[in-house]
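The values are calculated or read from the model by the stated rules, or taken from the named source; none is laboratory data. For clarity, every value in this text was computed on a predicted model and none was experimentally measured. Cβ sites come from the backbone with ideal geometry, for glycine too, and all protein chains shown count toward neighbours.
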Amino acid sequence: MSTLVQKWRSIDPSNRLFYIFLFCWTIAGCLQSAFMELSGEEAYYWMFAQQLEWGFLDHPPLVAFFTQLGYFWLPTNLGARLFMVLLSTGTFYVLYRTIEPRNPRLLITMALGLVAFHAGSFLIKPMCP
């Protein structure tokens, strides 16, 4: 346990803030996913996940695959949306590692400023990051 604490303390405080943001973002997504009912479109994707196909009209198979995999682990609304939450958090992390900002607070502020864009990232939708 002490090595984990030492690693945490060795991280630059501004970077530490970003990791705290990622943790809070993931927890917020999990809470929202656990307590919010599936919408009609999400239920449709859940039904699509029950009989996986490589593609059906405009439905990407990865959305259905992640929905099915999450629901297999947790047969609840949270399970159906679990990978959407993780992919949303992963998007922030990849963006952070790609641009390596000097000021992570600015990146966090910009990310929170795009609430309308990221509000759907916790839902089962193929068009959201």
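Within region 41-75, restricting attention to residues that are part of a loop (DSSP other than H, G, I, E, B) and touching a helix residue (DSSP H, G or I) at 6+ places or on another chain (Cβ under 7 Å), which residue is nearest to Leu107 (Cα to Cα)? Only one residue tops the list, namely Leu74.
The C-beta contact set for region 104-116 (first residue at negative phi, second residue at pLDDT below 80 and not in a helix (DSSP H, G or I), distance under 9 angstrom, 6+ apart or interchain) comprises Pro104/Asp12; Leu107/Pro101. For Arg97, the conditions (1) surrounded by 14 or more Cβ atoms within 10 Å (Cβ to Cβ); (2) out of contact with any Phe, Trp or Tyr (no Cβ under 9 Å at 6 or more places or on another chain) are fulfilled apart from (1).
Residue count for region 29-69, restricted to those that are of a type in the set (Asp, Glu) and at pLDDT 85 or above: 1.
Within region 10-31, residues that are within 16 Å of Val115 (Cβ to Cβ) sit with their Cβ atoms under 7 Å from residues that are in a helix (DSSP H, G or I) and at pLDDT below 85, at 6+ positions apart or across chains, in these pairs: Phe21/Ile108; Gly29/Phe122.
More than 17 Å from the chain's Cα centre (by Cα) and either more than 18 Å from Phe83 (Cβ to Cβ) or assigned to a helix (DSSP H, G or I) (or both): is that true of Trp8 in this structure?
yes
When restricted to residues that are of a type in the set (Gly, Ala, Ser) and over 24 Å from Gly70 (Cβ atoms), region 80-116 contains 2. Within region 11-40, if we keep just the residues that are in a helix (DSSP H, G or I) and of a type in the set (S, T, N, Q), the residue that is nearest to the chain's Cα centre (by Cα) turns out to be Thr26.
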